[in-house]
Amino acid sequence: MKNYLEFEKEIKLLETDLDSLKSPFGSEGISEVDTQKIKKTEEEINSKLKLTYENLNSWQKTLVARHEDRPRANFYIKKIFSSFTALSGDRLFSDDQSVIAGFGLIDNKSVLVIGQEKGEDLTSRIERNFGMMRPEGYRKCIRLMKLANRFQIPVVSFIDTPGAYPGIGAEQRGQASAIANSIECSMSLNVPNISIIIGEGGSGGAIALASSNKVIMLENSIYSVISPEGCASILWRDPSKSLQAADAMKLTAKDLLDLGIIDEVIKEPLGGAHRDAETIVQDVKHSIIKNLQYYEKFSRDEIYDDRKAKFLKIGRDKGFTKPASLTESSFGYKESLFLKTKRELERNKYIYYGLLAVVLTAIFIVLSVA
C-alpha cells in the first residue's frame, strides 16, 4: 500500500482511478480494459508529479525526506555492495541497532560501509530506535573507521537520522563526547570518506558521520543543525511555523550546494526516490564509484589535506578573496584589502592620530604664514 503526503491528494485520486482502470473486474463482471484511457491517466499523473515536485517548498521537501516508503540505508547496502559482512559492538557497552556497519565490495574494491537505519515497519523502527544513534553506535563507527584507516580502506556512509538519541541513558554514557570523537575521527582519516544523505541529516547525529571528503545529498533530502519543528519551537515558541523555519534554515540540497556545504546533488526519479528505488540505487552507486576513483591517485596526506581544505573554505566566500586549497603553501586565509586596511588602522590608531595631528598642524602654520 502506497503512502501519500498531504500535497499529493490529487495524485492519489488519479492513481486510484488508474488502478481501477487496469483491473478487468468491474461492477458488471469481467470487462475490456481501456488502454487509451489508461495511457492518458498515466500521462496526467506524470505531468502532475512533475509540476508538484518541481515546486516543492522547504517544508514539503522535509516531508519527502521523511517519507515512510523512502529507501533506507539497509536497502542501499544490499543493492550496492556485494559480500557485505556486518560487524557489531563498540567493545565497551553493547551493539547499537540504529547503525549498520561492516565491510563490503563495490566495483571489486573493499569499502567500509556505515548506514544509519530507521527501519521499514513499526517493529523494526522501534528496534532501530528510528535511526537515532546512542553513544555505543558512534563508538562502533569510530572503531571500524580506525580499522579501515589502518588497512587503507575507503569509508562510505549513508546518513538518515533526525538526530542523536537524547535519552538520559545516552547522556550518562557520554553522548556528546561520542559525537565529538566521531567527528574528530572522520576528519583525521587518511583514506577517502564519502557521505550520502539519503533522507534526514539531522543535527550532530548526522555531522558525526558526514565530516567527509565528499558530502552528497539526494535531491529531496535535508541537512540541518536542528529540525524545522525544533527551530520554530525555539525561535517563535510555535511549532506550526515550521515552514518559515525550514525556509530560513536553508536545509535543502540546492541551498546547501549553493552555500558550498555539500559537494554534489543526486537527482531523484520523478515523484521522489520512493517511487523508483531501483533507479536511485544505480545513481547512488555510480556516484560512489566516481568519487572513489577521483581519490585513487591521491596520497594519504593529500586525502587528509583535501578534506581539511574543504571544511576550511566553508563560509569564506564573503569577506575573503581566496579560500584555502591544496595549491596554497598553508591553510591560512587571505583577507580582502578593505579588511586588511581596517585592521591595520585599528591596531595602530594612535600612531595615525599623531601623524594626522602633525599634518594638520603643518597645514595650519603654512596657511597662517601665507
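For residue 240 and residue 2 in the same chain, what is the full-extension length gain: residue separation times 0.36 nm, less their Cα-Cα distance, in nm?
Separation in residues times 0.36 nm, less the Cα-Cα distance, equals 83.0 nm.
For a paramagnetic label modelled at 7 Å from the Cα of residue 124 toward its Cβ, which residues of the stretch 56-73 fall within the zone defined by backbone nitrogen distances under 14 Å?
Output list for this probe position: 68-73.
Counting only DSSP beta bridges with both residues in the chain, tell me the antiparallel percent, nearest 5.
45 percent
Between residue 302 and residue 283, how many nm apart are label points set 7 Å from Cα along the C-beta direction?
Label-label distance for residue 302 and residue 283, simple model: 3.1 nm.
Between their Cα atoms, which of 214/342; 22/61; 109/140; 9/241; 22/48; 22/267 are more than 26 Å away from each other?
214/342; 22/61; 22/267
Among 104-116, 257-269, 185-197, how do they line up from the highest to the lowest mean number of other beta-carbon atoms within 10 Å?
185-197, 104-116, 257-269
Can you list the lysines whose alpha carbon is less than 27 Å from that of residue 340, not counting same-chain residues fewer than 8 positions off?
Residue 340 reaches 308, 310, 313, 318, 322, 349.
Working from Cα positions, state the angle (0 to 90°, nearest 10) between the long axis of helix 175-188 and the longest principal axis of the chain.
Taking Cα atoms only, the helix is inclined about 80 degrees.
Give me, ordered by chain and number, the residues 5 or more places off residue 157 or on other chains with an amide H under 5 Å from its own placed amide H.
114, 194, 195, 196
How far is helix 277-294 tilted, in degrees, relative to the longest principal axis of the Cα atoms in the chain, given as a value from 0 to 90 rounded to the nearest 10?
Roughly 40 degrees between the two axes.
Given the peptides 346-353, 301-308, 132-139, arrange them by the average over their residues of other C-beta atoms within 10 Å, most packed first.
Most protected by this proxy first, the peptides run 132-139, 301-308, 346-353.
Grab the other residues whose beta carbon is less than 14 angstrom from that of residue 241, score K and R as +1, D and E as -1, and report the net.
Spelling it out: positives minus negatives among the neighbours equals -2.
Suppose we look only past 31 Å in the calculated P(r) of the stretch 66-296. What percent of the Cα-Cα pairs does that tail hold?
Percentage above 31 Å: 16.
Specify the residue with the greatest mean-square fluctuation among 290, 37, 61, computed from a Gaussian network of the chain linking alpha-carbon atoms under 10 Å apart.
37
Per residue of the chain, what 222 nm ellipticity follows from adding -39500 (n - 2.57) for every DSSP H run with n ≥ 4, rounded to the nearest 500?
-15500 deg cm²/dmol
Rank-order 221-231, 141-151 by packing density, defined as the average count of other C-beta atoms within 10 Å over each peptide's residues, highest first.
Packing order, densest peptide first, comes out as 221-231, 141-151.
Considering only the other residues whose Cβ falls under 12 Å of the Cβ of residue 138, what net charge follows from Lys and Arg at +1 and Asp and Glu at -1?
Taking every Cβ under 12 Å from that of residue 138, the sum is +1.
Can you tell me which aspartates and glutamates have their Cα less than 16 Å from the Cα of residue 290? Leave out same-chain residues fewer than eight positions away.
Partners within reach: 107, 263, 264.
Under a straight-distance cross-link criterion of Cα-Cα below 16 Å, which lysines are reachable from residue 118, leaving out those fewer than 8 residues away in the same chain?
By straight Cα distance, residue 118 reaches 78.
Throughout, read-outs are computed from the coordinates displayed, never taken from laboratory work. As the structure is a prediction and not an experimental result, all values here were calculated from the model. Backbone-built Cβ (ideal geometry, glycine too); neighbour counts: all protein chains shown.
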